[in-house]
Protein chains: 2
Amino acid sequence: MIRVAINGYGNLGRGAEIALSHTTDMECVAVFTRRDPGSLVTQGAPVAHVSDMADYVGKVDVVLNCGGSASDLGTQGPQVARMFDTVDSFDTHAKIPEHFAALDAAAKEAGTLALISAGWDPGLFSMLRVLGESVLPTGSTATFWGPGVSQGHSDAIRRIDGVADAKQYTVPVEETVQAVKEGRDVELTPRTMHKRVCYVVAEEGADQAEIERQIVTMPNYFADYDTTVNFVSAGELARDHAGIPHGGQVIRAGQTSEGTTSSVTFQLDLGSNPEFTGSVLVAAARAVARKSARGETGAITLFDVSLTDLSPHSAEELRKNYL
Amino acid sequence: MIRVAINGYGNLGRGAEIALSHTTDMECVAVFTRRDPGSLVTQGAPVAHVSDMADYVGKVDVVLNCGGSASDLGTQGPQVARMFDTVDSFDTHAKIPEHFAALDAAAKEAGTLALISAGWDPGLFSMLRVLGESVLPTGSTATFWGPGVSQGHSDAIRRIDGVADAKQYTVPVEETVQAVKEGRDVELTPRTMHKRVCYVVAEEGADQAEIERQIVTMPNYFADYDTTVNFVSAGELARDHAGIPHGGQVIRAGQTSEGTTSSVTFQLDLGSNPEFTGSVLVAAARAVARKSARGETGAITLFDVSLTDLSPHSAEELRKNYL
């Protein structure tokens, strides 16, 4: 059994614990938290304070760093990699080279292996972007997100005066998706690729027209998109918009010969974003444990992992049953 | 430059030559044929007789074996692997373990590397079956083929008395595709998964009703499917059904927690089946050349290949631009 620990027990940490329960070759041996360990209710995994992590050396094979990219992973990553093999979901795109370098140095010095930026984007979507372009070098790649909830955009609406609660869905523009698949020349801008659909609970007596105006004109978040604002009651929001679904698609369309287009589409429809992201982290942890056992050290990404290493099955079983 | 040779110049060999022309790090240095080399018109690659292949040792890095699974690849495979690194598209599913063992023995003895069963199914679809199940271990996987032309089914129709020409399209049943994506419990049988649409040119005076009866009742090929037969003129067949498009999709739907379903869909829409298959063989050849340069020998599949090895870009470029 591969012994896995979860570092940080927010939505993603919980999703990872659930994902581990679906495996037969991996077990969750600890959850590390900055909170009072006694206050944490897990699905069954033992809880320890993050300051006691060093006591687990030799008892844990891979630590899943489930903190946030902005605040946690940058500093946590190298610290934990000095003790354990690690997996994280670092997604601050501009800082990936820097994060990789920091983890690579720490892990090489400690003789551990650290896989960064697992999840679905970055993660599975990244893998498919590379696969699509490797197979169809002449063409173009587009990534569409949604239909799904954007926490950042939902939070931006909630900060507007008079808004009690809100949920924002990012929705791909279907005509543009189709044009990309067919390899047609289409302008890809924020507005042509995605639209934004908002469900807003206004405070009593609030000026709904003014709230709507502030949303649709908000720079960066909404002004560059076709945005629809729907006012709903708190009860409707709770009833119809409680989930955190997400997903999206990566499309590579390319010409093999003049006038002959092929396309590769990879689509995710996720009932729960953190549970699916946790599932990817867990599969990545399996690959890390195996590569680490073969003596690999330093930082890697999902680009460096084979499917044989991601799968619980042996190479023989894979050839016989999946090829 | 990675020096590639193509062994066998049918549809697939031609597709591979076109695919090589889209790369900047690979070149087609020879086409090997059993025919008179002077009779072959390539896109530009020099032609040699297959019996002279040994003269190319040291001048070719990877040979793409582009013969058929039934007649060629079983015997060619080990012979060529004794001289060169190789890639093939072996797709006789029941014989894959045997083919793998034969190539593995020949390649290990010769110190070469042989990647078998590249293409899209087996190949990319196989990769996605493993990826989907690795990430969502609790769930089910379904593969749908089409819309696309099946050469085998078209040939079966052409053998019927009174048929001058024919083309058969395999078409997935959309309601079943949707049910699988949503993780609904749906019976997967030949008839629920695919329908068959036939375009038939009857000889003058032929009994069309009898032709249709023979098609729809043909065991294995059509009897287990909902089959539609359309009679068309030779001109219409040439005008509307000249291409060899194909494609399909692999869907993995799984539950992360009770009542929460996520799905992973990988879809191919191929304007030309052989050109796309050739493109996959070429990307696989890049990975083979790199792994071989690192000293790997024996037989492998796409399951054993990382995206870093499939891509022309460096690991740094991939992390910076694709993650």
Pseudo-label separations to other copies for A:F231 - Cα-to-Cβ vector, 7 Å, nm: 6.6
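Summarise the partner chain shielding of B:119-130 as one whole number: the mean count of Cβ atoms from other chains within 10 Å of each residue's Cβ.
Values: counts 0, 3, 1, 3, 2, 4, 2, 6, 6, 5, 6, 10.
Other-chain Cβ atoms within 10 Å of each residue's Cβ, averaged: 4.
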Where A meets B: accessible area buried, both sides, 1.4 Å probe, Å²: 5400 Å²
Solvent-accessible area per residue for the range A:99-200 (1.4 angstrom probe, square angstrom): 37 Å²
Summed side-chain charge close to B:F276 - residues other than B:F276 whose Cβ falls under 13 Å, Lys, Arg +1, Asp, Glu -1: -1
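Using DSSP to define loop residues, name the trypsin sites (Lys or Arg not before Pro) in the range B:232-302 whose beta-carbon has at most 16 other beta-carbon atoms within 10 Å.
Those satisfying the criteria are B:R294.
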Gap separating the Cα centres of the range B:248-310 and the range A:144-208, nearest whole Å: 32 Å
For the range A:112-224: rounded, prolate or oblate by the Cα gyration tensor [a/c cutoff 1.5]: oblate
Candidates B:T277, B:T170, B:T228, ranked by Gaussian network fluctuation over chain B, Cα under 10 Å, top entry: B:T228
Contact order normalised by residue count of the range B:124-272, Cα under 8 Å, 6+ apart, percent: 32 percent
Rounded FRET efficiency, nearest 0.05, which uses the C-beta distance separating B:S140 from B:E109 and R0 of 51 Å: 0.80
Centroid-to-centroid separation of the range A:1-53 and the range B:13-57 [C-alpha atoms, Å]: 56 Å
Percent accessible area from carbon and sulfur atoms, the protein assembly as shown, protein chains only, probe 1.4 Å: 48 percent
Scaled radius of gyration (Cα, divided by 2.2 N^0.38 Å) that the protein assembly as shown gives: 1.04
Net length gained if the chain between A:R82 and A:V41 were fully extended (0.36 nm per residue, minus Cα distance): 11.9 nm
Estimated FRET transfer efficiency (A:R159, A:R34; beta-carbon r; R0 25 Å; 0.05): 0.45
DSSP bridge orientation in the range A:124-272 - percent antiparallel, rounded to nearest 5: 85 percent
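What does the average come to when, for each residue of peptide B:163-172, you count the partner chain Cβ atoms lying within 10 Å of its Cβ? Please list the in-between numbers first.
Details: counts 0, 0, 0, 0, 0, 0, 0, 0, 0, 0.
Taking all residues of B:163-172 together, the mean is 0.
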Highest-MSF residue in chain A out of A:K95, A:K108, A:K167 [GNM, Cα springs under 10 Å]: A:K95
Label-point separation in nm, A:L188 to A:E174, each point 7 Å along Cα→Cβ: 2.1 nm
Most mobile listed residue (B:A234, B:A30, B:A94) in chain B, GNM with C-alpha springs under 10 Å: B:A94
Percent of Cα-Cα distances greater than 38 Å, calculated over chain B: 23 percent
Spin-label pair B:R294/A:A101, simplified geometry with 7 Å Cα→Cβ offset, distance in nm: 2.4 nm
Separation of the A:R239 and B:E258 label points, Cα + 7 Å toward Cβ, nm: 2.3 nm
GluC sites (Glu not before Pro), loop per DSSP, at most 10 other Cβ atoms within 10 Å - longest free stretch of chain A: A:1-186
Under-5 Å amide H pairs with B:A223, H placed in peptide plane, nonlocal only: B:M218
Other protein chain Cβ atoms within 10 Å, averaged over every residue that makes up A:266-275: 6
Share antiparallel - DSSP beta bridges, chain A, percent rounded to 5: 50 percent
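The values are calculated or read from the model by the stated rules, or taken from the named source; none is laboratory data. Values in this document were obtained by computation on a predicted structure and should not be read as measured data. Heads up, the Cβs are rebuilt from the backbone with ideal geometry, glycines too, and the neighbour counts pull from every protein chain shown. Heads up: the accessible areas ignore ligands, DNA and RNA and are worked out on the full protein's heavy atoms, side chains in. Shrake-Rupley method; radii C 1.70, N 1.55, O 1.52, S 1.80 Å.
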